[in-house]
Amino acid sequence: MILTVGLSVKDDMDNLYVLDEIIGQGGFGYVFKAHREKDNSVFAIKTTLPSFGDSSSLLSFKNEICSASKVSGENVIRYEYVHNGDAFPEFPPYIIMEYADGGTLGDLLKKRKNNNKMYTNNELISMFRQLANGMRQVNNYLVHRDIKPENILLCGNTLKISDFGLSKVAVESTRTMSFKGGGTPLYMAPEAWDLSKNTIQMDIYSMGIVFYELATLQYPYIPLPCTFEDCKSAHLYSGITSIAKVNPELMPSLISLINRMLEKSSKRRFSTWDDIINLLDAQTNLNSPIDKMVAMAVATKNAEDIVRQEHEATLRKEKKEKEEFLKLIFFQFEQTIITPIIEFVEKINLQYAGKDKLTFPKNQYVAPEQTTLFWKLNIPPNNYVTINFEAILKENFIREVPVDIFWGENRTRKENYIPQYKSKNILAWGEIVNKAGYGFNILLIDSGDIYGDWIIMENKNNLSHLTGKERREPFAFSLQELPTEINKVQITHLYSADFTEFDDTLFLGLIRTLSFLRK
């Protein structure tokens, strides 16, 4: 049965609660303002409409909501009764809870932002202490996972944490986002994006954003993320805007507290809410000269922390970009180079009746930051074809370039570079050789698309006979030779090369030749 205005629900004491009006709506269902018939006390009743995919998800929800019903304290919304769907099966799950007459912290923040009126240090200390106290009560039983201003309610002047125990509902109602970690993207901790285990530190990070907004009346990451991917990028790879620059009047000790709550690494954040509360309790007005010197020292450390956080965020972003690049390169290598060889070999083995089957490695693992890969095709009785493959990273290639002549002296400097073919960056290259040393090369060229263009490079002698450096054809350049030779073969040189757009038939023909070319 769908709950609507005018219907009644019960608690475990058979008290009736009449649904008077809808006061909220979201992915979880509806929020009703209701009254208890026996004494007209006002409550809020939140209906949940989870569509759980399996029994384990439903059980997880029931366990979590049971834990949530045990949470109590001055700064948490009181759950009068929790119906998980069992006692009254004709009704969906619902929660009868304390009614907050002051709206949400989100509403209050909007008014403050519109008026551009910053909170004083004393006001912030009071609000921070209330929120930390409420979260301490919640985290005694469960991780909230969906801290945001809209889930913090006001009862008079008292701030109260709400919606604890409901993140499972939010997750189930937003499965189309292909994300199951719980939480609202603008407030999600970095580790939540990797579906890490839920911890108190996730809630501390989310509340750190709320603290930041209260202290500055703006979001910590500029520009404000507009998409799911923008949010992920901000939390994982962006540094926060300096609080001191936005609100110079804020006490350095409070800035330090917020900075630590918003550390990207969960290990750098506070361990418990008690640590945060104790720090807030230790706040003093900056009256004495010593207090002011201490504040100046803390402000200096805060500035250093911001620089460090920005540097760490940049390194984390570069590392992730490198991992994604390498993953894409090795995926293309697997699909374009290795898979056709395997299929070709399997057809040969299927039709060959002898015992000397061709063999190759299976399920080869590539580490996240690995840039090279070795693959070997064994061809009994005494031959093999190997592939040495390398993804091109600018940091791995150094060359010397001339600089301006100074007092008649020719000087050079070293710089990192990316090898090129016909003015296009080379994304990866490989050396394919057999036991006798015959072979050819392959190149993956940046085409401007997410996937590059594969090129087959067949090398041959040109002027090498003049220097006694002739090679047996067909030959391959080693990975160590390619950085130099790739440029030389494109002009008059000891060796030349034929560059051909990749074709399965040509490629497999070359593999076949190497497989049976022994002298």
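Computed from the coordinates by the stated procedures, all read-outs in this text should not be read as laboratory data. Note that the structure is predicted; figures quoted are calculated from it, not measured. All Cβ positions, glycine included, derive from the backbone under ideal geometry; neighbour counts span all protein chains shown.
Descriptive notes on the structure:
- Among [x] 22.8, 72; [y] 32.6, 108; [z] 24.1, 78, the entry derived from the coordinates for Rg and Dmax of the Cα atoms in Å: [y]
- Rg over Rh for the range 365-458 works out to 1.13, both radii taken from alpha-carbon positions and Rh defined as the Kirkwood radius.
- Size descriptors for the range 1-42 (Cα atoms only): Rg and Dmax, in that order, 10.6, 32 Å.
- Between the range 411-473 and the range 82-120, the alpha-carbon centres lie 64 Å apart.
- Solvent-free Debye scattering, log10 I(q)/I(0), computed from the Cα coordinates of the range 107-169 at q = 0.22 Å⁻¹: -0.99
- When the charge dipole of the chain is built from unit charges on Cβ atoms (+1 for Lys and Arg, -1 for Asp and Glu) and taken about the Cα centre, the candidate among 82, 466, 342 whose Cα reaches farthest toward its positive end is 466.
- When the charge dipole of the range 330-514 is built from unit charges on Cβ atoms (+1 for Lys and Arg, -1 for Asp and Glu) and taken about the Cα centre, the candidate among 480, 444, 500 whose Cα reaches farthest toward its positive end is 480.
- The range 249-387 - convex hull of the alpha-carbon atoms, volume per residue in Å³: 155 Å³
- Surface/4 of the Cα convex hull for the range 102-283, nm²: 9.9 nm²
- Cα convex hull, the range 204-279: 85 Å³ per residue, rounded to a whole number.
- Integer Hz, Karplus 6.51/-1.76/1.60 couplings in order for the range 232-242, x for Gly and Pro: 4, 4, 5, 5, 8, 10, 9, x, 6, 5, 3
- With all pairs of different C-alpha atoms in the average, the Kirkwood value for the hydrodynamic radius of the range 330-514 is 18.3 Å.
- Rel. contact order, % - alpha carbon contacts under 8 angstrom, at least six apart, the chain: 8 percent
- Above 20 Å, the calculated P(r) of the range 419-519 contains 37 percent of its Cα-Cα pairs.
- Take each peptide in 427-435, 414-422, count the other Cβ atoms within 10 Å of every residue, and average; sorted highest first, the result is 427-435, 414-422.
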